[in-house]
Amino acid sequence: MRLTVLGGCGAWPTAVQACSGYLVEQGGFRLLVDPGYATLPRLLLHGTVDAVDAVLISHGHPDHCADLSPLLRARGLSDDPPPALPVFAPRGALDAVLALDKPAMLADAYRLHEFDPGDRFDVGPFSTDTWLLPHFVPNAGLRLSTPGATLAYTGDTGPSPDIPRLARDADLFLSEATYVHRVPTADAASLLTARLAGEYARQAGAARLMLTHLWPGTDPDLAREAAADVFTSPVAVAAPDLVAEVGDGTWTVDTEATP
């Protein structure tokens, strides 16, 4: 299993970083997870829009799903449209994004498969387990498994005893880490720190940890150090074109994709 980071910025994109977006590949199947703001241009550095086989979305905040709209436009309005794109999302999460266009305009561009966090289902070669994790809107933690590898992803979440269960023995734990050491009181139930992400990775026995959804302007080295204080296995911070080979424990930067 291969994970390619398209973006890992929380809330809004910056000049150098798109919001949450990840391309997960297995046996030639390409799954796009959380196409947030500004992820489509990054995706196009790794292939054409018709090369995406399915989309999986953790929750309905636009920094995790807004670029589904241009992706569907690029597919559905092309001269030779590809088959309808399977899109998996929590029930109601995509109502606002899909309402940006007239229903008939892109009706043939996608097939929506809604689920309730807690459901289990398959997406191509990936066995998918989901957890309802605390956030401002319903959010599904995602665990993608193949016979050779397991990737666990929090989406956006606050503290929960279900997080170590989601990440149990995962080859790679991709965890939101909006703040470094302390979440503002008003948001404390809905977001994590890098240090707490490290603690959850330790409790879960995960092999590696990748921090994502950092607040814009956060120093990634400080986030990495905060997680590494409590999690002694490898820690990285999501950055454009960072590639993780989930089963064999390596990560590299795709220099060919970086403009």
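Failed condition for Leu112, given (1) without any contact (Cβ under 8 Å) to a residue 60 or more places away in the chain; (2) of a type in the set (A, V, I, L, M); (3) surrounded by fewer than 19 Cβ atoms within 10 Å (Cβ to Cβ); (4) not in a strand (DSSP E or B), with all others met? For Leu112, the exception is condition (4). Restricting region 234-251 to residues that are free of Cβ contacts under 8 Å to residues at least 60 places away in the same chain and over 18 Å from the mean Cα position of the chain (by Cα), which is nearest to Thr4 (Cα to Cα)? Top of the filtered list is Thr250.
Checking the structure you have, find out if any residue of region 193-201 is of a type outside the set (Gly, Ala, Ser), in contact with an Asp or Glu (Cβ under 6 Å, 6 or more places away or on another chain) and not in a strand (DSSP E or B). Within region 193-201 (the criterion being of a type outside the set (Gly, Ala, Ser), in contact with an Asp or Glu (Cβ under 6 Å, 6 or more places away or on another chain) and not in a strand (DSSP E or B)), the answer is no, since none of the residues qualifies.
Return yes or no: is Val123 surrounded by fewer than 18 Cβ atoms within 10 Å (Cβ to Cβ) and of a type in the set (Val, Ile, Thr)? No.
Suppose we keep only residues that are out of contact with any Leu (no Cβ under 8 Å at 6 or more places or on another chain) and among the hydrophobic types (A, V, I, L, M, F, W, C) within region 78-104. Which one would you say is nearest to Leu43 (Cα to Cα)? Residue satisfying both the conditions and the ranking: Ala84.
The residue that is farthest from the chain's Cα centre (by Cα), counting only those in region 60-105 that are in a helix (DSSP H, G or I), within 24 Å of Thr157 (Cβ to Cβ) and not aliphatic (A, V, I, L, M), is Asp95.
If I ask for residues that are assigned to a strand (DSSP E or B) and either crowded, with 24+ Cβ neighbours inside 10 Å or in contact (Cβ under 8 Å) with a residue 24 or more places away in the chain (or both), which ones from region 137-149 would you list?
Of region 137-149, the ones assigned to a strand (DSSP E or B) are 139-146, 149.
The answer is Asn139, Ala140, Gly141, Leu142, Arg143, Leu144, Thr146, Ala149.
All of (1) crowded, with 18+ Cβ neighbours inside 10 Å; (2) among the acidic types (Asp, Glu); (3) out of contact with any Cys (no Cβ under 7 Å at 6 or more places or on another chain); (4) not in a strand (DSSP E or B) hold for Asp129 with one exception: (4).
Across region 214-229, not a single residue is classified as within 15 Å of the chain's Cα centre (by Cα) and within 23 Å of Thr128 (Cβ to Cβ). Once region 150-190 is narrowed to residues that are small (Gly, Ala, Ser), part of a loop (DSSP other than H, G, I, E, B) and in contact (Cβ under 8 Å) with a residue 40 or more places away in the chain, the residue that is surrounded by the most Cβ atoms within 10 Å (Cβ to Cβ) is Ala177.
For every residue, the table says whether it meets (1) on the phi < 0 side of the Ramachandran plot; (2) surrounded by fewer than 18 Cβ atoms within 10 Å (Cβ to Cβ); (3) in contact with a Leu (Cβ under 9 Å, 6 or more places away or on another chain); (4) at pLDDT below 95.
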{"residue": "Leu214", "(1), (2), (3), (4)": "yes, no, no, no"}
{"residue": "Pro220", "(1), (2), (3), (4)": "yes, no, yes, no"}
{"residue": "Glu225", "(1), (2), (3), (4)": "yes, yes, no, no"}
{"residue": "Asp229", "(1), (2), (3), (4)": "yes, yes, no, no"}
{"residue": "Thr232", "(1), (2), (3), (4)": "yes, yes, no, no"}
{"residue": "Leu242", "(1), (2), (3), (4)": "yes, no, yes, no"}
{"residue": "Glu245", "(1), (2), (3), (4)": "yes, yes, yes, no"}
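The values are calculated or read from the model by the stated rules, or taken from the named source; none is laboratory data. Small disclaimer: the values here were computed from a predicted structure and weren't measured. For neighbour counting, all protein chains shown are included, and Cβ atoms are generated from backbone atoms with ideal geometry for every residue, glycine included.
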